[in-house]
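The structure appears below as structure tokens.
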Amino acid sequence: MDKCNLCPRQCNIDRDSSVGFCLCNNTAIVSKIMLHKWEEPPISAKNGSGAVFFSGCTLKCVYCQNSQISRTPVGTEYTPSQLADAFLKLQESGAHNINLVTPTHFTRQIISALDLVKHKLNIPVVYNTSGYEFIETLKMLKGYVDVYLPDFKYYKSELSAKYSKAPDYFKVALKAVTEMYEQVNSYCEDENGLAKKGLIIRHLALPGCRHDSVKILEEIKNTLPVENIRLSLMSQFTPDFVPPEFKELSRKITSFEYNYILNKAIELGYNGFFQQKDSASAKYTPEF
């Protein structure tokens, strides 16, 4: 890979000698591997999801709960062979799936690892992403990913530019979830209620942004058959990680804001998952 254009940033730089927006070079950096029990019920279930947290990120969300690793390439370097071994160890430990968290900038290394062990894995591979994805990179993942778990953060470019340094977020994310759906088709679970295949779209409700949230739900409804996907509507926003200059994000969302979005989701025909308000706490953020 001479020049990196894996994400929509299209940095076009040689990651063997420098770093792009993600701040990472060509060697996968893993900050934590764990059985994660705080994901959606069909992802974590009883034993936990086999989460592999990668360092670096293609966004710069001012409220990021994982900013300790997303803004700094901290962790352990893993070769594809070592990643493959980690996947198998997670399966042996009882993980319900392999959950690749913020994986975009290491897509090639992940594919190389999966090539070594996909035939040995009897649990799904989950691609847990910000939703800010380049279509050509997603096409590389066809046949490797069983469950796509993207965020869908913003409709208005003013918000995505201000909070994530990505003014084109909505346009990019809508194309991305469309490609994801075309790859994995209708959501389905196994006999134990575990996610087996499909698309689960996460949306984090932000303070003062309920109308933006509803617009996202409407646009997805106009693009995808919502009866064939799942929506995870999250209330876990916490101001603990927000810099003081973003005063409008200095509070948690209200019950009115969350219920406004939830009721609209129900009205639009979405199925999926919602969170209790006590999820808005830093205690659910893993220690890295």
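Read-outs throughout are calculated quantities, based only on the coordinates presented, and are distinct from any laboratory measurement. Just so you know, these numbers come straight off a predicted model, no measurement behind them. Ideal geometry is used to build each Cβ from the backbone, glycine not excepted, and the neighbour counts take in all protein chains shown.
Summary table below
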quantity	calculated
Under 5 Å, built H, 5+ apart or other chain: amide partners of LYS197	CYS188
Percent breakdown of C-alpha pair distances by 10 Å bin, ordered from the shortest bin, for segment 111-249	11, 39, 32, 16, 3
FRET efficiency estimate (nearest 0.05) - Cβ-Cβ, LYS139 to THR27, R0 30 angstrom	0.80
Top of LYS175, LYS142, LYS120 by mean-square fluctuation, Gaussian network on the chain, Cα under 10 Å	LYS120
Percentage of interatomic Cα-Cα distances in segment 43-165 larger than 23 Å	33 percent
Label selected from (1) -0.87, -1.41; (2) -0.87, -1.21; (3) -1.01, -1.38, the criterion being log10 I(q)/I(0) by the Debye sum over Cα atoms at q = 0.13, 0.16 Å⁻¹ as computed here	(1)
Paramagnetic reach from THR76 in segment 107-135 [backbone N under 20 Å; point 7 Å along Cα→Cβ]	107, 109-114, 116-117
Spin-label pair ASN222/SER255, simplified geometry with 7 Å Cα→Cβ offset, distance in nm	3.4 nm
HN-Hα J in Hz across segment 8-16 - Karplus 6.51, -1.76, 1.60, θ = phi - 60°, x for Gly and Pro	x, 5, 6, 5, 6, 10, 8, 6, 6
Length gained when the stretch PHE273-LYS60 is fully extended (0.36 nm per residue, less Cα-Cα span)	74.1 nm
Phi to ³J(HN,Hα) by Karplus 6.51 cos²θ - 1.76 cosθ + 1.60 over segment 22-28, Hz, x for Gly, Pro	6, 6, 10, 8, 7, 9, 4
Potential lengthening between GLU191 and ASP14 on full extension [0.36 nm per residue; Cα-Cα distance subtracted]	59.1 nm
The chain - share of DSSP beta bridges that are antiparallel (%, nearest 5)	35 percent
Point-to-point label distance, LYS171-LEU88, nm (Cα→Cβ direction, 7 Å offset)	4.5 nm
Peptides ranked, highest mean first, by Cβ atoms within 10 Å: ranges 145-157, 240-252, 24-36, 68-80	145-157, 24-36, 68-80, 240-252
Amide N of segment 151-181 lying under 16 Å from the label point, which is placed 7 angstrom from the Cα of HIS211 along Cα→Cβ	155-160
